[in-house]
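The structure appears right after this line, and notes come after that.
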Number of protein chains: 4
Amino acid sequence: MRVKLIGMVVDSEKRREIDSLRQSSSTTLRATVPEVEEILYEPYPLLDHGFVRVIDYMGDDSAIVQAARVSYGRGTRMVTEDRGLIRYLMRHRHTTPFEMCEIKYHVKLPIFVARQWIRHRTANVNEYSARYSILDKEFYIPSADQLAAQSSNNRQGRGDILTGSEAKRVMEILLADSEQVYDHYEEMLNENDQGGVINSNHNGLARELARMNLTLNYYTQWYWKTDLHNLLNFLSLRADPHAQYEIRVYADAMMDSVKRWVPIAAEAFSDYCLESINLSAAGLSVVKRLLAGEEVKQDNSGLSAREWRELMESLGKT
Amino acid sequence: MRVKLIGMVVDSEKRREIDSLRQSSSTTLRATVPEVEEILYEPYPLLDHGFVRVIDYMGDDSAIVQAARVSYGRGTRMVTEDRGLIRYLMRHRHTTPFEMCEIKYHVKLPIFVARQWIRHRTANVNEYSARYSILDKEFYIPSADQLAAQSSNNRQGRGDILTGSEAKRVMEILLADSEQVYDHYEEMLNENDQGGVINSNHNGLARELARMNLTLNYYTQWYWKTDLHNLLNFLSLRADPHAQYEIRVYADAMMDSVKRWVPIAAEAFSDYCLESINLSAAGLSVVKRLLAGEEVKQDNSGLSAREWRELMESLGKT
Amino acid sequence: MRVKLIGMVVDSEKRREIDSLRQSSSTTLRATVPEVEEILYEPYPLLDHGFVRVIDYMGDDSAIVQAARVSYGRGTRMVTEDRGLIRYLMRHRHTTPFEMCEIKYHVKLPIFVARQWIRHRTANVNEYSARYSILDKEFYIPSADQLAAQSSNNRQGRGDILTGSEAKRVMEILLADSEQVYDHYEEMLNENDQGGVINSNHNGLARELARMNLTLNYYTQWYWKTDLHNLLNFLSLRADPHAQYEIRVYADAMMDSVKRWVPIAAEAFSDYCLESINLSAAGLSVVKRLLAGEEVKQDNSGLSAREWRELMESLGKT
Amino acid sequence: MRVKLIGMVVDSEKRREIDSLRQSSSTTLRATVPEVEEILYEPYPLLDHGFVRVIDYMGDDSAIVQAARVSYGRGTRMVTEDRGLIRYLMRHRHTTPFEMCEIKYHVKLPIFVARQWIRHRTANVNEYSARYSILDKEFYIPSADQLAAQSSNNRQGRGDILTGSEAKRVMEILLADSEQVYDHYEEMLNENDQGGVINSNHNGLARELARMNLTLNYYTQWYWKTDLHNLLNFLSLRADPHAQYEIRVYADAMMDSVKRWVPIAAEAFSDYCLESINLSAAGLSVVKRLLAGEEVKQDNSGLSAREWRELMESLGKT
């Protein structure tokens, strides 16, 4: 049974290619995860034209256990033992067994998101080349509920949603400039989107140059492959509330694929990383004093005002 | 004596900061290279607003030798022996001793160049954040002699230089669109380039969103640090005639800094990598047959037409 | 049909675990390679007690093409086009598409081989822990035809095979010392190989300490996972005649698995890397002069005696 | 003023080489740290024959700030601002600015320690080659107070110190086997430690084979270079009480060198990493209930017995 994830993010030709892949199954002796097979090749639709889809995977929860034990078989222990071991490994930062699972995604994403993403270096990447090929006319325009003002207290964050004439004007600018730079891109290339020459007296600017006229909201695509440990590291930074919304939606979709793929590791990751907090030396000292019944205020805590506020929030005391 | 590399790529305030660094010297027991000290902190001006400058370095030619020998001192052998060892290491791909030298650059470069550059993963990078700060109004416009047509036989290459009305129109587009997207960037941010609010009834779009309206020729900056082995690998790909001109100028400037820093390694790199050719199994067989006096043509060479052409060019037979 | 690779490198319990894995197949939509499935989990027996076996794999030749094209489907072009593209990518060092295939091995190998192997950093590793567990009594003794003298002209190489009393004495030493250090290991652990306590008045030395008494020919094991590009890099160094025999046998077996897995890439690797030669700037100049009919000798070649000899050998002129 | 770290870990020839390096200073414009210059090249003596010494370094605390700000100068802000920024970066896992500092060590260490150490992959390494050269007769014997029994509750840990006849016997074994394997190593090489041939009728076994007869407590050496971020990661694992004593002493000495080199970053690392604790989702929930005055026991805590014990220890409630 195929899970239907997708609306209209791929056109009918690509839809046929995906369907064709989903119809040709093979027999394998490798570890196989039915919950991932269900969504294999299927795009998770994201933003207005983006997606992420699982292209291939290697290993499952048992592969983590198998590598940690350097065992000959797939692991003959009981499921509860495997779960205990995976949680132990996660808790104690024994990260190498998680590197034994590998996953490959095909991602379509705005260039400004790609520029954040690529900073994660421990991955394999093949990106669509605008030096070699012509980019499609596809660009990202935020939805109205994501058109946020600059945060007043966080230089990297968003504040209130823009409304009224300001919102309207921003939308107009983004849309009109995106349209215009692409029209000019085609004009400089001297090629329209059906591949026809526009002006037969012109040569057309080199692709590697013409691309520089496109704005950072244009979509690019890549194949991106990494191991589970490095993927979780990516997710812990990019599925975080402080991450920019436009990359967080990708991280959230990938987190869903991880839950299908390695549910025990995903749960351990949630418990010991995503939902955990780090108590600094000074923060720990505050907690100990509070538990001893002492009255502690920021000014006798040894913490800065900001750290104090963060600690109180973590402890649910605000 | 300071070598004067720069015209006007930095403004007077930055010039003062650089001068200040160049006036405060220290005493050190570390390996020191006067030829690099001469240019330390000084920008090599590149393209219209870009630069690369050496910020720091670790090691010299002797450090390669010292590590290869795991020696206690800096190396007491004669210079000719050191040179022989460095050339031997380069020739036989003993790459780890070259990793013992490290260099740090500050680079200002167009975003589309940064996107190629960042694909070299074995490096440390800190980029100026357009999520956190506002980008300057600085964009790249190719000079007239770099305004090339798409190559007709190489999808990744450039052909003839555009002239006349076509060149004029391309220049107009690049310039006007670059100006326009920045004006709109400021308008959406609701902040002009003196930092003043434009419309007091507006909030200003979040920086992390507004940046998406900029085109890929806008300049960004980063600190980029790597070891000599990985730097040479970068240079072998980016100082190559097939590399895009706009990244090659950076590679060429960095190659100059490498010649100052580790002249023996730089020469070995030139002889055994940059100026060398790789003969495939089939290509080697052709060379052997030619040396034996045999008449060899493409159709009895075992090479494709393209490989044959490349081989004949390498051998200077065209 | 299962290919029988193995003699007695695994005991009957491990044999059953492997058989059990080989009997439980699944259905998958992933790219699957029957030639690898044939040998999946089966050890290639190597040296006296070692092996390498493929535990899992991701991708096939088409996956390289698919990533290079950032395509939606698996590749609908003709096989000849795919082959051409793979060869082009290999020839021009476009290495990233080869990173899209991943393979995982289980390896049993002497510690001194493991110490060479681990220098390849771009891989994932889980090693059997002698801090946590007790090592088996399994050590490597070279066969008579590998008991080589030190090479007289290559400080890293082997010369003639030892014979007579010298060979006999070396064998005696290696065998007796290996036996003795293990007996003492057990004695210090205060545990014999059935797990029974030897001396009930003793505590037994910590495992993390006792292991230091073992010699470097003891076998260890690991799971080792890497991508195809980095694997080929490993093979180009370790399947080379200059590599130590004891690691070369592993590289040769792995090369066999690569030929099964990605035959087109393996062939391209052979043609453009393994069987290719690099001509330095000076070497290329010699070849050009020879082709022009000039008489060239070492002393007017610009090459050192050693480089001249290597070049003449490459060109088959000795 | 030179700090005297060393007893007799290097012989007089090496002492002279080190002294010679320490007497030849240069002038540099690079960031320089007097507290590191004081100990540059000087070995920290460790274990019975080991050491670690700083060979070179790049950057200082300001270099972290400079890279985080992508600034032109070295940083003109006040020290308190720099300190605040470094602590902020450490607290929020903004790790890349810490990669902008680099350090190079020369380390002499037992092979079994080297095997743990090399698992940290993000580093540059050149090791003394026992394939190429002959190893010195230097091996590690634990001091009496480190001769620990296997821990009864931690398979990777140490328990009580061995005493009496058991301690005596372990010492005898380690010493005698270390001596014997080296004597046999020389005999097989057919070379004594003055380099003289032992038996003129013998060829001598190849070095790459003879080395396999040495035990894992023999000392090896390497140059090891890494950036500050990866060094801190190494230290957080290896300066930890759960790390094996024989590697922990190296980590402790390196931590001392870090405090000299980048004192502000070192302090932040101590506060936010070394001395911090991680509270899992379930652990955080327990703390909140305790702070609310609730009675919480292990059986109603949602924690395993082991996690409960660890949490109570962290909170100082045992």
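The values are calculated or read from the model by the stated rules, or taken from the named source; none is laboratory data. Quantities reported herein were computed from a predicted structural model and do not represent experimental measurements. When we count neighbours, we look across all protein chains shown, and the Cβ atoms used for this are built from the backbone with ideal geometry, even at glycine.
C:Leu216 satisfies every condition listed in (1) buried (at least 24 other Cβ atoms within 10 Å of the Cβ); (2) within 25 Å of the chain's Cα centre (by Cα); (3) within 17 Å of D:Asn213 (Cα to Cα) except (1). Restricting attention to region B:205-214, the residues that are facing chain A (nearest Cβ under 7 Å) and among the small types (Gly, Ala, Ser) add up to 1. For region C:201-231, the candidate set comprises residues that are outside any helix (DSSP H, G or I) and small (Gly, Ala, Ser); within that set, the residue that is farthest from C:Ile264 (Cα to Cα) is C:Gly204.
Within region B:187-204, identify whether any single residue is within 18 Å of A:Met212 (Cβ to Cβ) and either in contact (Cβ under 8 Å) with a residue 40 or more places away in the chain or assigned by TED's automatic domain parsing to the domain that holds B:Gln116 (or both), and answer yes or no.
The answer is no, given that none of the residues of region B:187-204 is within 18 Å of A:Met212 (Cβ to Cβ) and either in contact (Cβ under 8 Å) with a residue 40 or more places away in the chain or assigned by TED's automatic domain parsing to the domain that holds B:Gln116 (or both).
Looking across region A:95-141, the residues that are of a type in the set (Asp, Glu) and under 20 Å from the mean Cα position of the chain (by Cα) come down to A:Glu99, A:Glu102, A:Glu127, A:Glu138. Of everything in region C:128-147 that is touching a residue at least 60 places away in the same chain (Cβ under 8 Å) and of a type in the set (Gly, Ala, Ser), the residue that is farthest from the other protein chains (Cβ to nearest Cβ) is C:Ser143.
Selection over region B:62-81 of residues that are within 21 Å of D:Gln221 (Cα to Cα) and more than 10 Å from every other protein chain (Cβ to nearest Cβ) gives a count of 3.
Looking for something surrounded by 23 or more Cβ atoms within 10 Å (Cβ to Cβ), of a type outside the set (Lys, Arg) and touching a Ser or Thr at 6+ places or on another chain (Cβ under 7 Å) - is there at least one such residue anywhere in region C:132-149? For region C:132-149, residues surrounded by 23 or more Cβ atoms within 10 Å (Cβ to Cβ), of a type outside the set (Lys, Arg) and touching a Ser or Thr at 6+ places or on another chain (Cβ under 7 Å): present.
Scanning region B:19-44 for residues that are outside any loop (DSSP other than H, G, I, E, B), touching a Leu at 6+ places or on another chain (Cβ under 9 Å), buried (at least 20 other Cβ atoms within 10 Å of the Cβ) and more than 7 Å from chain D (Cβ to nearest Cβ) returns a single hit, B:Tyr44. What about D:Arg155, is it at the interface with chain C (Cβ under 8 Å from one of its Cβ atoms) and free of Cβ contacts under 8 Å to residues at least 12 places away in the same chain? Against the criterion (at the interface with chain C (Cβ under 8 Å from one of its Cβ atoms) and free of Cβ contacts under 8 Å to residues at least 12 places away in the same chain), D:Arg155 qualifies.
Is it true that some residue in region B:99-106 is assigned to a helix (DSSP H, G or I), more than 10 Å from chain D (Cβ to nearest Cβ) and either closer than 28 Å to B:Arg22 by Cβ or at pLDDT below 95 (or both)?
Here is the first cut: in region B:99-106, the ones assigned to a helix (DSSP H, G or I) are B:99-100.
Imposing the further condition that a residue be more than 10 Å from chain D (Cβ to nearest Cβ) reduces the set to none.
For region B:99-106, residues assigned to a helix (DSSP H, G or I), more than 10 Å from chain D (Cβ to nearest Cβ) and either closer than 28 Å to B:Arg22 by Cβ or at pLDDT below 95 (or both): absent.
Restricting attention to region D:249-258, does a residue exist that is under 24 Å from D:Ser129 (Cα atoms), buried (at least 24 other Cβ atoms within 10 Å of the Cβ) and within 11 Å of chain C (Cβ to nearest Cβ)? The answer is no, given that none of the residues of region D:249-258 is under 24 Å from D:Ser129 (Cα atoms), buried (at least 24 other Cβ atoms within 10 Å of the Cβ) and within 11 Å of chain C (Cβ to nearest Cβ). Any residue at all in region D:87-103 that's in contact with a Ser or Thr (Cβ under 9 Å, 6 or more places away or on another chain), closer than 27 Å to D:Ile39 by Cα and surrounded by 24 or more Cβ atoms within 10 Å (Cβ to Cβ)? So far as region D:87-103 goes, yes, one or more of its residues are in contact with a Ser or Thr (Cβ under 9 Å, 6 or more places away or on another chain), closer than 27 Å to D:Ile39 by Cα and surrounded by 24 or more Cβ atoms within 10 Å (Cβ to Cβ). Annotation: of all residues in region C:45-86 being touching a residue at least 24 places away in the same chain (Cβ under 8 Å) and part of a loop (DSSP other than H, G, I, E, B), the one that is surrounded by the fewest Cβ atoms within 10 Å (Cβ to Cβ) is C:Asp48.
Would it be correct to say that D:Leu235 is touching a helix residue (DSSP H, G or I) at 6+ places or on another chain (Cβ under 9 Å), aliphatic (A, V, I, L, M) and not assigned by TED's automatic domain parsing to the domain that holds D:Cys101? First the steps, then the outcome.
Details: touching a helix residue (DSSP H, G or I) at 6+ places or on another chain (Cβ under 9 Å): yes; aliphatic (A, V, I, L, M): yes; not assigned by TED's automatic domain parsing to the domain that holds D:Cys101: no.
Judged against the criteria, D:Leu235 is not a match.
Here's the yes/no breakdown for (1) more than 7 Å from chain D (Cβ to nearest Cβ); (2) out of contact with any Asp or Glu (no Cβ under 6 Å at 6 or more places or on another chain):
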| position | (1), (2) |
| --- | --- |
| C:Gln194 | yes, yes |
| C:Asn199 | yes, yes |
| C:Asn203 | no, yes |
| C:Leu216 | no, yes |
| C:Tyr223 | yes, yes |
| C:His229 | yes, no |
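Among the residues of region D:285-313, those that are surrounded by fewer than 19 Cβ atoms within 10 Å (Cβ to Cβ) and within 33 Å of the chain's Cα centre (by Cα) comprise D:Ser304, D:Ala305, D:Arg306, D:Arg309, D:Glu310, D:Met312, D:Glu313. Once region B:225-245 is narrowed to residues that are under 17 Å from B:Ile277 (Cβ atoms) and over 11 Å from the mean Cα position of the chain (by Cα), the residue that is surrounded by the fewest Cβ atoms within 10 Å (Cβ to Cβ) is B:Pro241.
Residues in region A:259-278 that are within 10 Å of another protein chain (Cβ to nearest Cβ) and not acidic (Asp, Glu) were compared, and the one that is nearest to D:Ser270 (Cα to Cα) is A:Asn278.
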